[in-house]
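*Asks:* Provided herewith is a single structure, encoded as structure tokens, for subsequent inquiry.
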Amino acid sequence: MVTIEELKHKIATADDLKSVVKTMKALAAVSIHQYEKAVESLSEYNRTLELGLQILLKNRPEVLFRKTAISHNRIGIVVFGSDWGMCGQFNERITNYTHKKLMASNISEEKSFILAIGSRVYDRLEAAGHKCEAYFTLPSSIGGITSVIQEIVLILERWQRENQVEQIVVLYNQILSGATYHPTEVEICPLNLSWLKGLQQKQWKSQRLPTFTMNEEQLAAALFRQYFFVSLYRACAESLKTENTSRLTAMQMAEKNIAERLTELTMELNHQRQTTITEELLDIVSGFEALNS
């Protein structure tokens, strides 16, 4: 039988764990709000980028349309996971999705280049037999996203230049509604042909169409890099938002389980105390009766 001291120790441990869970819940909630704001802030940036692409499409469309074709059967995959645990099935889901993506692509491992963001997803991909060409830790704040994404863009450009990687896909977990999320993918290279045609046919709002003086190839390369940056930044922010949402849900479940366990331990402690008191009273009564007899 568990002693009263052991029960007190278990209750104190559960209380400490409950405090940790509450702290993690608060941090996750704050992080979710920050990453939501980061995604919203990209809207205006993305609109400006689309305007630049639209001008180039109306003046020299062939420069961008050349970036819609694939001549080499090589693929680059950027996978966003997490560096920290206690976020449910977050990393398992994106790992399984990546595995299925690679199996369905019918592209050999030698022609598949994987860039993992997050130590947890990196370990799971390696354990599943998928070699990662590069690996990054996730930024711990909004301010750190930009530098990480810039380094990723440089790696992707090197893959394009040195390894003839013309298809690049970004995989990450995205919130669907509430706390429900699902792995999703965004193909950032080659450019989507129907999307480009839609931009080209879109009516310009003002009466005068802007022009440009720099070399169209350099302009296309600059816009393409910014398109890379915006797509990756959004994926990173969405993934971090989903990670913290999953962690918040896990912490809520943990808090509920801890509260139930505390109730059980408290009831058991009270029962033990009552039993001890009853036994002591019986001993007193038995001793009194023995003395009287």
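The values are calculated or read from the model by the stated rules, or taken from the named source; none is laboratory data. Remember, predicted model here, so these are calculated numbers, not experimental data. Note: ideal-geometry Cβ built from the backbone for every residue, glycine included; neighbour counts use all protein chains shown.
*Asks:* Show the residue pairs that are 6+ apart or on different chains and have beta-carbon atoms under 7 Å apart, the first residue being within region 92-109 and without any contact (Cβ under 8 Å) to a residue 40 or more places away in the chain and surrounded by fewer than 18 Cβ atoms within 10 Å (Cβ to Cβ), the second being acidic (Asp, Glu) and part of a helix (DSSP H, G or I).
*Replies:* As it stands, the answer is none, since no pair meets every condition given.
*Asks:* Exactly one condition in (1) under 30 Å from Ala254 (Cα atoms); (2) of a type outside the set (Asp, Glu); (3) in contact with a Phe, Trp or Tyr (Cβ under 6 Å, 6 or more places away or on another chain) is false for Gly76; which is it?
*Replies:* Condition not satisfied by Gly76: (1).
*Asks:* Please tell me if Leu199 is in contact (Cβ under 8 Å) with a residue 40 or more places away in the chain and aliphatic (A, V, I, L, M).
*Replies:* Yes.
*Asks:* It is to be established whether one or more residues within region 155-162 are within 13 Å of the chain's Cα centre (by Cα) and of a type in the set (Phe, Trp, Tyr).
*Replies:* no
*Asks:* Follow-up. When the residues of region 110-129 are filtered to those that are over 20 Å from Cys189 (Cβ atoms) and out of contact with any helix residue (DSSP H, G or I) (no Cβ under 9 Å at 6 or more places or on another chain), which remaining residue is surrounded by the most Cβ atoms within 10 Å (Cβ to Cβ)?
*Replies:* Tyr122
*Asks:* Condition first: within 18 Å of Asn96 (Cα to Cα), surrounded by fewer than 17 Cβ atoms within 10 Å (Cβ to Cβ) and of a type in the set (Ser, Thr, Tyr). Now tell me which residues in region 170-193 satisfy that.
*Replies:* Thr180
*Asks:* Let me ask something else. Which one of these does Gln167 not meet: (1) without any contact (Cβ under 8 Å) to a residue 40 or more places away in the chain; (2) surrounded by 14 or more Cβ atoms within 10 Å (Cβ to Cβ); (3) touching a His at 6+ places or on another chain (Cβ under 9 Å)?
*Replies:* (1)
*Asks:* Output the qualifying pairs, or none if there are none: Cβ atoms under 7 angstrom, residues six or more apart or on different chains, first residue in region 130-157 and within 16 Å of Ser231 (Cβ to Cβ) and surrounded by 15 or more Cβ atoms within 10 Å (Cβ to Cβ), second residue modelled with pLDDT of 90 or more and of a type in the set (Ser, Thr, Tyr).
*Replies:* Ile145/Tyr233; Ile149/Tyr233
*Asks:* Related question: For region 125-165, give me each residue that is among the polar types (S, T, N, Q) and over 20 Å from Ser108 (Cα atoms).
*Replies:* Across region 125-165, the qualifying residues are Thr137, Ser140, Ser141, Thr146, Ser147, Gln150.
*Asks:* With respect to the numbered conditions (1) in a helix (DSSP H, G or I); (2) out of contact with any Cys (no Cβ under 8 Å at 6 or more places or on another chain); (3) over 21 Å from Trp159 (Cβ atoms); (4) touching a residue at least 60 places away in the same chain (Cβ under 8 Å), which one is the sole condition not fulfilled by Leu232?
*Replies:* (3)
*Asks:* Does at least one position in region 93-110 carry a residue that is farther than 13 Å from Ser246 by Cβ, modelled with pLDDT of 85 or more, of a type outside the set (D, E, K, R) and under 13 Å from the mean Cα position of the chain (by Cα)?
*Replies:* yes
Per-residue answers, yes or no, for (1) closer than 28 Å to Asn46 by Cβ; (2) of a type outside the set (Val, Ile, Thr):
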{"position": "Gln89", "(1), (2)": "no, yes"}
{"position": "Asn96", "(1), (2)": "no, yes"}
{"position": "Glu110", "(1), (2)": "no, yes"}
{"position": "Ile145", "(1), (2)": "yes, no"}
{"position": "Tyr181", "(1), (2)": "yes, yes"}
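*Asks:* Between a first residue in region 45-63 that is within 13 Å of Leu219 (Cα to Cα) and a second residue that is among the polar types (S, T, N, Q) and not in a helix (DSSP H, G or I), which pairs have beta carbons less than 6 Å apart while being 6 or more apart in sequence or on different chains?
*Replies:* That search, which allows pairs on different chains as well, returns nothing.
*Asks:* Report every pair of residues separated by at least 6 positions or lying on different chains whose Cβ atoms are under 9 Å apart, first residue within region 208-220 and under 17 Å from Leu51 (Cβ atoms), second assigned to a loop (DSSP other than H, G, I, E, B).
*Replies:* Pro210/Trp204; Glu216/Arg60; Leu219/Arg60; Leu219/Phe212; Ala220/Arg60
Each row is one residue, and each column tells you yes or no for (1) touching a Leu at 6+ places or on another chain (Cβ under 8 Å); (2) of a type in the set (A, V, I, L, M).
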{"site": "Ser141", "(1), (2)": "no, no"}
{"site": "Ser147", "(1), (2)": "no, no"}
{"site": "Gln150", "(1), (2)": "no, no"}
{"site": "Ile175", "(1), (2)": "no, yes"}
{"site": "Pro183", "(1), (2)": "yes, no"}
{"site": "Arg208", "(1), (2)": "no, no"}
{"site": "Leu219", "(1), (2)": "yes, yes"}
{"site": "Arg225", "(1), (2)": "no, no"}
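*Asks:* All but one of (1) in contact (Cβ under 8 Å) with a residue 24 or more places away in the chain; (2) surrounded by fewer than 20 Cβ atoms within 10 Å (Cβ to Cβ); (3) among the β-branched types (Val, Ile, Thr) hold for Val78; which doesn't?
*Replies:* Unmet for Val78, out of (1) in contact (Cβ under 8 Å) with a residue 24 or more places away in the chain; (2) surrounded by fewer than 20 Cβ atoms within 10 Å (Cβ to Cβ); (3) among the β-branched types (Val, Ile, Thr): (2).
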